[in-house]
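Student: The structure is given below, and queries will be raised subsequently.
Readers should treat all values here as calculations from the given coordinates under stated rules, not as data from a laboratory. Note that the structure is a prediction, hence the values are computed from the model and not measured. Cβ atoms come from the backbone with ideal geometry, glycine included; neighbour counts cover every protein chain shown.
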Amino acid sequence: MKKMDKKVFDVVVVGGGPAGYPAAIRAAQNGLSVACIDEWKNRDGSSAFGGTCLNAGCIPSKALLESTELYYRAASEFKVHGIGISDLAIDIDTMQSRKKKIVKQLTGGIEALFKSNGVTPFKGHGRLLPENHVEVTSADGQISVLIAKNVIIATGSIPIELPIARFDNQLIVDSWGALEFDSVPKTLGVIGAGVIGLELGSVWQRLGARVVMLEALDEFLPMVDGQIAKEARRFFKRQGLDIRLGSKVSGAKINGDAVTVTYEDVNGSNSLEVDKLIVCVGRKPFTNELFAPGVNVALDDKGFVEVDEHCSTSLPQVWAVGDVVRGPMLAHKGTEEGVMVADLIAGKVGEVNYDAIPSVIYTAPEISWVGKTESEVKETGRPYKVGTFSFSANGRAKGMEQTEGLVKLITDKSDDELLGVHIVGAMAGELIAEAVLAIEFSASGEDLQRICHAHPTLTEAIHEAALAADGRAIHAINR
Ligand code: FAD
């Protein structure tokens, strides 16, 4: 091991995922000297910035969801347009290479952005030492010590492993492993019918896998508005996703080329044989080997770094952003926090409006929402109005042959404040941007009613849902 010189930076970011790398770029844009340290290793041993999101999360999953949705639609929906395909086939190698190419372009792009903004990249493990010193150990054992005026912790999260279903990375895999299959499993078990489980289950189900999802909770997607979750479940059932709620997995055993999963439900003990098993039961904050003795950053009981609303930790000039702190584990939430902290360090204004963070599930149809669900509003005791509009009455959705789903909009009964928007339907992930903007600008339901929406577009369903909240929808029977 060789010790290197000490270098001084205004900001040292530990972690180069979607929370850390935008923080580093914004800090550099603010005229500060910045280093960003990341230790990510791909399965082929290569290193890359971009964290879970770019390497093993958002980006590769969306690439595969796009490919498989096209395949699924070609197989099941093209006929109605008069398009016939006689030899429809999917080449998994090509599909996976396309995914890899996109990931490589985007992760490579971060290095280019660092260069053009003057961020100094370090590839290796970062560890906080006392007095805001940060030690970097590279893969070849070289050690550098950075003296940081400010440290931003952006070390993200890792999948939770179940002791009863240990990953062997071949048959029992985490979400990353499920993005890497080189063939379509005939049968696929998924433990956890949450966001990631649904997306990954959909990818392989569309290509012909028989997918069984075992979910311990009795409620489907509890964080989603109840009406929307119910609709979505109906669509997924029709597609062939076998979602078994109230199913608590008690064991998973590898038997040769298969996995036997045992689980309990209201009917007693059951067992299921699958070719592959994905364990998607959530993620936990990652702070392993991050703090040297004497660096006492406060963590909560689940291991998240404790922060205030400005992402300031218990130590002076030490900040933490992204999945490693409280709040939804979403890339864009981490990005907003990283940018806020970089601005605050530079003495500028910075804040994150946690009430206006959109969530999207990239199934087909997609599910998206911002603000409060109907049951959350009900709990507050606030009187409210609900407007819904079905995509089956939307001209664009008809033309697209994607009429499944609806928009649901909730406003305050007395002052008409927009409280929540929930969508299940085609392009719901894109459509939600209008609702986020509306909530960010404290719009009322009437504001949305008075905004001109292009025709024919899916956005008209948001317009109509806003009108429906006051019984004034044009293309629906108002009650
Ligand atoms: P990460 O992305 O986890 O990055 C942390 C980085 O820090 C890593 O590169 C890690 O190597 C590095 N690191 C950790 N410790 C150290 C250390 N001591 N020294 C140096 N480096 C260190 N979110 C969305 O918003 N939209 C989606 O569509 C979406 N899809 C997803 C799909 C899947 C399959 C998964 C698994 C996640 C998905 N997510 C999605 C969640 C999203 O990936 C995370 O919320 C996001 O990556 C968190 O960003 P982060 O920067 O906080 O952490």
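Student: Using the Cα gyration tensor of region 172-281, with a ≥ b ≥ c the square roots of its eigenvalues, what is the shape: rounded (a/c below 1.5), prolate (a/b larger than b/c) or oblate (neither)?
Tutor: oblate
Student: Between 0 and 90 degrees, rounded to the nearest ten: what's the tilt of helix 58-76 against the longest Cα principal axis of the chain?
Tutor: On a 0 to 90 degree scale, this one is about 20.
Student: Also, quick follow-up: Using per-residue counts of other Cβ atoms within 10 Å, averaged over each peptide, order 460-469, 257-266, 329-338, 375-384 from highest down.
Tutor: Numbers: 460-469: 26.3, 257-266: 16.1, 329-338: 23.4, 375-384: 13.0.
The most tightly packed comes first, giving 460-469, 329-338, 257-266, 375-384.
Student: Let me ask something else. What is the angle, in °, between the Cα long axis of helix 92-117 and the longest principal axis of the Cα atoms in the chain? Nearest 10 is fine, range 0 to 90.
Tutor: Taking the Cα atoms of the chain, the angle to 92-117 is about 50 degrees.
Student: Here is a follow-up. Rounded to two decimal places and with Rh computed the Kirkwood way over Cα pairs, what is Rg over Rh for region 1-117?
Tutor: 1.19
Student: Could I ask something else about it? For the chain, calculate the relative contact order in percent as a whole number, restricting contacts to Cα pairs under 8 Å that are 6 or more residues apart.
Tutor: Across the chain, relative contact order equals 14 percent.
Student: Further question: Taking θ as phi - 60°, what are the ³J(HN,Hα) couplings along region 228-242 by the Karplus curve (6.51, -1.76, 1.60), each to the nearest whole Hz, with x for Gly and Pro?
Tutor: Ordered by residue, 3J(HN,Hα) equals 5, 4, 5, 4, 4, 4, 4, 5, 5, 4, 4, 6, x, 6, 8 Hz.
Student: Checking a compactness column here: for region 311-459, what do you get for Rg(Cα) / (2.2 N^0.38 Å), N being the number of residues?
Tutor: The reported ratio for this selection is 1.20.
Student: Is the C-alpha gyration tensor of the chain telling us rounded, prolate or oblate? Criteria: a/c under 1.5 is rounded; beyond that, a/b larger than b/c is prolate, otherwise oblate.
Tutor: The shape class here is oblate.
Student: Mind giving me the FRET efficiency for D91 and M400? R0 is 30 Å, r the Cβ-Cβ distance, nearest 0.05 is fine. Working shown, then result.
Tutor: Numbers: r = 26 Å, r/R0 = 0.88.
Efficiency, rounded to the nearest 0.05: 0.70.
Student: Here is a follow-up. Can you tell me the convex hull volume per residue for region 251-367, based on C-alpha atoms, in Å³ to the nearest whole number?
Tutor: 201 Å³
Student: Using only Cα atoms, find the angle between the long axis of helix 195-206 and the longest principal axis of the chain, and express it within 0 to 90 degrees, rounded to the nearest 10.
Tutor: Helix 195-206 sits at roughly 60 degrees to that axis.
Student: Shifting gears a bit: Dipole size in debye (nearest 20) for the chain around its Cα centre, Lys and Arg Cβ +1, Asp and Glu Cβ -1? Could you put the intermediate results ahead of the total?
Tutor: Details: 49 positive and 62 negative charges, 169 e Å.
Magnitude of the dipole: close to 820 debye.
Student: If R₀ is 45 angstrom, what is the calculated FRET efficiency for the pair K348 and K79, using the beta carbon separation as r and rounding to 0.05?
Tutor: FRET efficiency, K348 to K79: 0.20.
Student: What's the exposure ranking of S86, S61, S138, S314, going from fewest to most Cβ atoms within 10 Å?
Tutor: Numbers: S86 4, S61 22, S138 17, S314 14.
Ranked by crowding around the Cβ, least crowded first: S86, S314, S138, S61.
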